[in-house]
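Worksheet: the structure to be examined is printed underneath.
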Amino acid sequence: MDIIEPQKLDKIDCHVHFVGGGTAKSGSWFKLRTPWDKFQARLMLKGCGIAPNALYDDLDTIYINKLLQLIRDSSLDRVVLLAQDIAHDDNGNPLPEKSKYFVPNDIVIEFAKSHKEIIPAISIHPARSDALEELEKCIEHGARIMKILPNVININCNDKRHSKFWSRMADAKMILLSHTGGEMTLPVLNKSYADPRTLELPLELGVTCIAAHSAGGSYPGDKDYTDDLLKMFKQYDNLYGDNSALCSLNRNKTIGKILDPEIQNRIIHGSDYPVPVSGLGVWVKGYLPWKDWRKWKTCDNILETDYQFKKAIGFHEETFTRLSQLLN
Ligand SMILES: [Zn+2]
């Protein structure tokens, strides 16, 4: 089966992670090194409605089946499911010891071919010696989105050696979803790549880019780049931001900066599933009405909770359908 292109008004969550333990031969893996890692993993699974002992079971199958059920029971039509490449040095040598988790491109493409609810986002470190070859293979399979975390897997997007890679993405009308702002869950290799200006070269070469988390800080005292992103919106028509994880406790201060109607024209809905959706911080800050917080905080579908919170906060209908427009 081929990947089904989204309809023009599909409501899409642009930022959903796959997590697998390598069961079902998916090839994905993660490392839980410390008690804190294990605590976080169990908490996230529980928040998604998955029993924490799934960590020691066929997690790949349990995780995808739960996700499909949540999408079908939600107001969303589809989600973008993210692959995750490992860290590489600037010359393209893999650094598996500095990587915490891996999701191969094949598995998100496979899921998308068998489930219309899934849109795959591949992940390729552009310094890899086989980067262009892998990109070509994924394009052939119908991939339209790529996800990267420059600060976590060490990508200097502005390195001129990657020009050919970005140009090929632009030719194929692919979208680059890139983590911007700080990061708390994964180890950071190069802090300066949290800056959205790291996307200047792909933007100039014509790649449509989405700055994940709208470049906000991730913990108290973390450098915040949202104002820089808003300035870049004026300079680049092909630049967007997502509102993923902004209902979590640590990222809620970004919301107030992206609610202006003109800025919302550049915002795309995303949850950052399986990151917990609390709503507490946005309620305390006065962005989320009490009645909506009360009504949805106990909903057992966190994709729906995040969707309802974003609507109640005042994100326009277009923020949910903008990605399907961009993909058409
Ligand atoms: Zn994420």
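Please verify whether GLY21 is more than 16 Å from the ligand (Cβ to nearest atom), open to solvent by less than 20 Å² (accessible area, probe 1.4 Å) and part of a loop (DSSP other than H, G, I, E, B), treating the condition exactly as stated. Answer is no for this residue.
Annotation note: of LEU249, LEU288, the sole residue that is hydrophobic (A, V, I, L, M, F, W, C), assigned to a loop (DSSP other than H, G, I, E, B) and open to solvent by 30 Å² or more (accessible area, probe 1.4 Å) is LEU249.
Has the range 292-303 got at least one residue that is over 27 Å from SER324 (Cα atoms) and of a type in the set (A, V, I, L, M)? No, because not a single residue in the range 292-303 is over 27 Å from SER324 (Cα atoms) and of a type in the set (A, V, I, L, M). Taking residues in the range 126-150 that are within 22 Å of GLN325 (Cβ to Cβ) and in contact (Cβ under 8 Å) with a residue 12 or more places away in the chain, and partners anywhere that are more than 16 Å from the ligand (Cβ to nearest atom) and assigned to a loop (DSSP other than H, G, I, E, B), the pairs with Cβ atoms closer than 7 Å and at least 6 places apart or on different chains are ILE139/ALA172; GLY142/ASP2; GLY142/ILE3; ARG144/MET174; ILE145/MET174; MET146/ILE124; MET146/MET174.
Might you let me know whether the range 280-290 holds any residue that is under 30 Å from PRO202 (Cβ atoms) and among the basic types (Lys, Arg)?
no
Within the range 173-200, residues that are within 20 Å of GLY270 (Cβ to Cβ) and within 12 Å of the ligand (Cβ to nearest atom) have Cβ atoms under 6 Å from residues that are open to solvent by 30 Å² or more (accessible area, probe 1.4 Å) and not polar (S, T, N, Q) in these pairs: MET184/TYR219; LEU186/LYS100, counting only partners at least 6 apart in sequence or on another chain. The listed residues are LYS100, LYS113, and the only one of them that is farther than 19 Å from CYS14 by Cβ, in contact with a Phe, Trp or Tyr (Cβ under 9 Å, 6 or more places away or on another chain), of a type in the set (D, E, K, R) and touching a residue at least 40 places away in the same chain (Cβ under 8 Å) turns out to be LYS100.
Of ASP85, ASP89, ASP37, ASP58, all but one fail to be at pLDDT 95 or above and open to solvent by 10 Å² or more (accessible area, probe 1.4 Å); the exception is ASP89.
Among the residues examined, ILE71 qualifies as among the β-branched types (Val, Ile, Thr) and open to solvent by less than 10 Å² (accessible area, probe 1.4 Å). Taking first residues from the range 54-75 that are in contact (Cβ under 8 Å) with a residue 40 or more places away in the chain and under 13 Å from ASP13 (Cβ atoms) and partners that are of a type in the set (S, T, N, Q) and assigned to a helix (DSSP H, G or I), the Cβ contacts under 9 Å between residues at least 6 apart in sequence or on separate chains come to SER75/GLN308.
Considering the range 274-285, and only residues there that are in a loop (DSSP other than H, G, I, E, B) and touching a Cys at 6+ places or on another chain (Cβ under 8 Å), the residue that is surrounded by the most Cβ atoms within 10 Å (Cβ to Cβ) turns out to be VAL277. The residue that is most open to solvent (accessible area, probe 1.4 Å), counting only those in the range 252-273 that are hydrophobic (A, V, I, L, M, F, W, C) and in a loop (DSSP other than H, G, I, E, B), is LEU259.
The values are calculated or read from the model by the stated rules, or taken from the named source; none is laboratory data. None of these values were measured; they are calculated from a predicted model. Methodologically, a virtual Cβ is constructed for each residue, glycine included, from the backbone with ideal geometry; neighbour enumeration extends over all protein chains shown. Surface areas here come from the heavy atoms of the whole protein model, side chains and all, with no ligands, DNA or RNA. Shrake-Rupley method; radii C 1.70, N 1.55, O 1.52, S 1.80 Å.
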